[in-house]
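Engineer: For reference, the structure I am asking about is given below.
Coordinate-derived values only; no laboratory data. Note that the structure is a prediction, hence the values are computed from the model and not measured. No Cβ is skipped: glycine too gets one built from the backbone with ideal geometry, and neighbour counts run over all protein chains shown.
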Amino acid sequence: MLNLKGLTLAASAFALAAAPSFAQTTNLRIQTHFSQETLSGQMAGEFIEDITAMSNGEIQVEMFYAGSVVKAAETFDAAATGILDCDMTGGAYQTGKNPAFQFTGDLNGGYANPYQQMSWLLHGDGYTALNELYNQYDMEFVGWWIPGPESLSSTSPIRGVEDFKNWKFRSPPGIITMIFENLGASPIVMDFNEIFTALETGIIDGADAANLTNNIGLGLYDIAKHTNYPGFHSMPADHLACRKDIWDAMPDHHKAIMKIGMQALALRNTTINEVKNAENSVILAEQGLNMYEWSPEELGKYRSAVQAAWVEFATTPEAESLLNSHLDFLRGIGAME
């Protein structure tokens, strides 16, 4: 028989078990530039499912696709000012603020593959280096996902550097415009959702948009019958960045879930794109798409232009510091002299 003390303890235990949970919730509004139909858009949705499940529903996300709230280049500011909470586009859109943002996502030929670039982030103190920049703009860098080297789409052959002369193409902002201008092309910066119509109406001759698989999702090869594969010119890392006060207010386990969720997304994204690009290259070749693999000589011309542009673009202390961080890492692993 329970004594009074035992009854009290039992009642206390029952009360604790029956008490409602007051776990802290995190509600986020996130925008990506990818549409839900693309592979990357589908994977962004999987990331949301992951972090919701890992947090037992404590993290809830309202996801906006295809720049449905603001244009892709405006997403960072929309998050920083409270229209959104997080930006799931890419750092290169912010080079107008500081050229250092170019080196937050794409060295344009510096890294050979996504695994090298993720190694800098995970093992080269990349998180710290990036947040020294992001925090200046009231944002927190949370993670990367890297589909892999991109392929250009074109309505005319792109067999080598000479074919870039007078080639009008959609370009993202940043150093890529400088590189291609120096090679004789005419880059036009425009939003993702404007590319198809611009190609269809002849405003542009081609596009630097995404990799082979995502280009299919965007419908670009319905019009542009020339591409390069494997890609070489660009390997952008899309980021997740959240407003600093939102991030700081999250409990530590939510922060950990967000970071680990992004790392899981990065691995799935890189590997599935590698598989899909290989499969789609066979299908596209059978359908008559012209695919050009550049010679070592042509690749050398491009990389010379890239390395000159790095130095020319790194015009602020933050840009110089980030560039040097990447280059020191690449030299340290023997990937660059």
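Engineer: Report Rg/Rh for segment 268-337, rounded to two decimals, where Rg is the Cα radius of gyration and Rh the Kirkwood radius.
Structural biologist: 1.13
Engineer: So what is the relative contact order for segment 216-337, in percent, with contacts set as C-alpha pairs under 8 Å and at least six apart?
Structural biologist: Values: 33 pairs, mean separation 47.3, N = 122.
Once normalised by length, the contact order is 39 percent.
Engineer: For segment 70-165, max minus min Cα coordinate along each principal axis, in Å, sorted largest first?
Structural biologist: 44, 34, 21 Å, listed from the longest principal axis down.
Engineer: Turning to a different aspect of this structure: Given springs between every Cα pair under 10 Å in a Gaussian network model of the chain, which of MET54, MET235, MET258 has the largest fluctuation?
Structural biologist: MET54
Engineer: Find, among the trypsin sites (Lys or Arg not before Pro) in segment 97-185, those assigned to loop by DSSP (not H, G, I, E, B) with at most 16 other beta-carbon atoms within 10 angstrom. All intermediate terms of the calculation are to be shown ahead of the outcome.
Structural biologist: Numbers: sites: LYS97, ARG159, LYS165, LYS168, ARG170; in loops: LYS97, ARG159, LYS165.
Hits after loop and neighbour filter: LYS97, ARG159, LYS165.
Engineer: Let me ask another. Kirkwood hydrodynamic radius of the chain from all distinct Cα pairs, in Å?
Structural biologist: Its Kirkwood hydrodynamic radius stands at 21.2 Å.
Engineer: Using only Cα atoms and rounding to the nearest 10 degrees, what angle (0 to 90) does helix 4-18 make with the longest principal axis of the chain?
Structural biologist: Roughly 30 degrees between the two axes.
Engineer: Something else: What is the dipole size for segment 75-199, taken about its Cα centre, with +1 at each Lys and Arg Cβ and -1 at each Asp and Glu Cβ, in debye to the nearest 20? It would help to have the intermediate numbers written out before the result.
Structural biologist: Working: 5 positive and 14 negative charges, 101 e Å.
Taking the Cα centre of segment 75-199 as origin, the dipole is about 480 debye.
Engineer: Another question, if that's okay. Most mobile of VAL61, VAL275, VAL306 per a Gaussian network model of the chain (Cα springs, under 10 Å)?
Structural biologist: Among VAL61, VAL275, VAL306, the largest GNM mean-square fluctuation belongs to VAL275.
Engineer: Measure nothing fancy, just the Cα-based angle from helix 39-54's long axis to the longest principal axis of the chain, in degrees from 0 to 90, nearest 10.
Structural biologist: That helix lies at roughly 10 degrees to the long axis.
Engineer: Can you tally the net charge around GLY231? Count Lys and Arg as +1, Asp and Glu as -1, for every other residue whose Cβ sits under 14 Å from the Cβ of GLY231. Display every interim value, and only then the final one.
Structural biologist: Values: positive: LYS276, ARG303; negative: ASP106, GLU150, ASP208, GLU274, GLU293, GLU298.
After counting each charged neighbour, the total is -4.
Engineer: Please sort 83-90, 261-268 by packing, taking for each peptide the average over its residues of neighbouring beta carbons within 10 angstrom, highest first.
Structural biologist: 83-90, 261-268
Engineer: Once you charge only the Cβ atoms, +1 for Lys and Arg and -1 for Asp and Glu, what is the size of the charge dipole of segment 163-294 about its Cα centre, to the nearest 20 debye?
Structural biologist: On the way: 10 positive and 16 negative charges, 57 e Å.
Charge dipole of segment 163-294: 280 debye, to the nearest 20.
Engineer: Could you point to the residue in HIS33, ILE203, MET63 farthest towards the positive end of the chain's charge dipole, with +1 and -1 charges on the Cβ of Lys/Arg and Asp/Glu respectively?
Structural biologist: Highest projection toward the positive end goes to MET63.
Engineer: In whole angstrom, how far apart do the alpha carbon centroids of segment 139-217 and segment 44-64 sit?
Structural biologist: 31
Engineer: If you don't mind, there's one more thing I want to ask. Helix 317-332 sits at what angle to the longest principal axis of the chain, using alpha carbons and giving 0 to 90 degrees rounded to 10?
Structural biologist: 80
Engineer: Here's a follow-up. I need to check one value: relative contact order of segment 114-209, counting alpha carbon pairs closer than 8 Å and at least 6 residues apart, in percent.
Structural biologist: 29
Engineer: While we're here: What size of dipole, in debye to the nearest 20, comes out for the chain about its Cα centre when the only charges are +1 on Lys and Arg C-beta atoms and -1 on Asp and Glu C-beta atoms?
Structural biologist: That gives a dipole near 460 debye.
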